[in-house]
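Q: Structure incoming, see below.
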Amino acid sequence: MALVNFKQMLRIARKGGYAVAAFNPVDYASMRAMVEAAEEIDAPLIMQTSAKTIKYYGHEPLATWYEQLASDSSVPVTLHLDHGKDLDMIRKCIETGWTSVMIDASDKPFEENMKITRQVLEMATPAGLAIEAEIGEIGGVEEDIIVAEEDAHLANPDEAERFCREFDLGVFAAAIGTAHGYYHGEPKVAFDLIDEIYRRTQTPMALHGGTGLDEETIAKCIELGCAKVNISTNLKHVFVDSFVQYNKNNPTDYEPLKVLGAQFEAMKELFRSKMTEFGGAGKGASMLKEIKESP
Ligand code: 13P
């Protein structure tokens, strides 16, 4: 049984001083590649689907692929909804087999964000799911969600404390200066803010906008309180570039399975390197054991 509790997963990672990589799959092969990569290096894994991916494939196929790939894996694997905004979509995730959901009402005024987050918590908790929620507003482009630079703003630490006192979150997405997509210029990560928010909330934090952050920055974020690091854009680029590159290198080869094979290996390489960078390698089986043995 490798379909595990998201909240437990992130508490264990935080305690161990590392972060679990959360990748946004784009198809069945990318899901399979991330599970294989996680098993090869013995790392825990969060598979997180965007709302756009769910709209494309439907809930059932994604849940079935996850169940098939992760139910017998040697490492803990969760299925998470990334940036959920539509309560009907969230409800269906809860009903069809996601192990956690994110509610992103960060574009709403704080009190309204609290109200919506409470609604989602009330849907998820009876089903045994943990949630992720966001305050502040993370800039950049994440699928259909576009937050212009002038609208992005950092989380307020007093609000962060109130939010996490009110809600028992699996992981907390506070805007701390990172952005979705490739960075234009130097990312301005507010390390002091991560430090203050984590100290005041004691809730493991999610690092959004992982693509394009250097190793040192990510390591510091993990040290200060982040237990989940999100990577999406990076995978999209590897997915497309590896396919194109194979064709450039082998212009007369029209054997689809060979092209897909090259793409699969490139994705696995990305997953292995990110999970290792975030400190997850060698932690999967022991995390699974700890989760199974916990009451
Ligand atoms: P990137 O697209 O920058 O990797 O960010 C992913 C993310 O944070 C998903 O929520």
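The values are calculated or read from the model by the stated rules, or taken from the named source; none is laboratory data. Keep in mind it's a predicted model, so treat the numbers as computed, not measured. The accessibility values were calculated without ligands, DNA or RNA, using every heavy atom of the protein model including side chains. Shrake-Rupley method; radii C 1.70, N 1.55, O 1.52, S 1.80 Å.
Q: Would you kindly derive the ³J(HN,Hα) couplings of the range 190-201 from the backbone phi angles with the Karplus curve 6.51 cos²θ - 1.76 cosθ + 1.60 (θ = phi - 60°), listing them in order in whole Hz, with x for Gly and Pro?
A: So the Karplus estimates, Gly and Pro as x, are 8, 4, 4, 5, 4, 4, 5, 5, 5, 4, 7, 9 Hz.
Q: Continuing with this model, one more query. For the chain, take the longest principal axis of its alpha carbons; what is the angle in degrees between that and the long axis of helix 6-16, to the nearest 10 within 0 to 90?
A: Approximately 90 degrees, to the nearest ten.
Q: Below 24 Å, Cα to Cα, which lysines can LYS52 reach? Residues fewer than 8 away in the same chain don't count.
A: Partners within reach: LYS85, LYS92, LYS108, LYS228, LYS236, LYS268, LYS274.
Q: Per the 1.4 Å probe, what fraction of the accessible area of the chain, in percent, lies on carbon and sulfur atoms?
A: Working: 6690 of 12910 Å².
Ligands and nucleic acids excluded, carbon and sulfur reach 52 percent.
Q: Mind jotting down the distance between the C-alpha centroids of the range 188-208 and the range 74-150, whole Å?
A: 19
Q: Calculated from DSSP H runs of 4 or more alone, at -39500 (n - 2.57) each and per residue, what is the 222 nm mean residue ellipticity of the chain, nearest 500?
A: Numbers: 12 runs with 149 residues, N = 295.
Rounded to the nearest 500, the figure is -16000 deg cm²/dmol.
Q: Let me ask you something else. If you fit an axis through the alpha-carbon atoms of helix 284-293 and take the longest principal axis of the Cα set of the chain, what angle between them do you get, 0 to 90°, nearest 10?
A: Its long axis makes an angle of about 50 degrees.
Q: Once phi is turned into ³J(HN,Hα) by the Karplus curve 6.51 cos²θ - 1.76 cosθ + 1.60 with θ = phi - 60°, what whole-Hz value does each residue of the range 206-222 show in order, with x for glycine and proline?
A: For the range 206-222, the Karplus-derived couplings read 9, 9, 7, x, x, 5, x, 7, 7, 4, 5, 5, 5, 4, 5, 4, 5 Hz, x marking Gly and Pro.
Q: Counting only DSSP beta bridges with both residues in the chain, what percent are antiparallel, rounded to the nearest 5? List each step's numbers first, then the result.
A: On the way: 4 of 34 bridges.
Of the beta bridges lying entirely in the chain, close to 10 percent run antiparallel.
Q: What number comes out for accessible area per residue over the chain if the probe is 1.4 Å? Units Å², please. Can you show the working numbers first?
A: Numbers: 12910 Å² over 295 residues.
Per-residue value: 44 Å².
Q: If I stretch the segment between ASP27 and VAL244 completely, what's the gain in nm (0.36 nm per residue apart, minus their alpha carbon distance), one decimal? Walk me through the numbers on the way to the answer.
A: Details: separation 217, 0.36 × 217 = 78.12 nm, distance 1.73 nm.
Gain on extension, ASP27 to VAL244, equals 76.4 nm.
Q: 5 Å is the cut-off here: which amide hydrogens, built 1.01 Å from N in the peptide plane, fall below it relative to ALA174, excluding neighbours closer than 5 in sequence?
A: So ALA174 has HN proximity to ILE135, ALA206.
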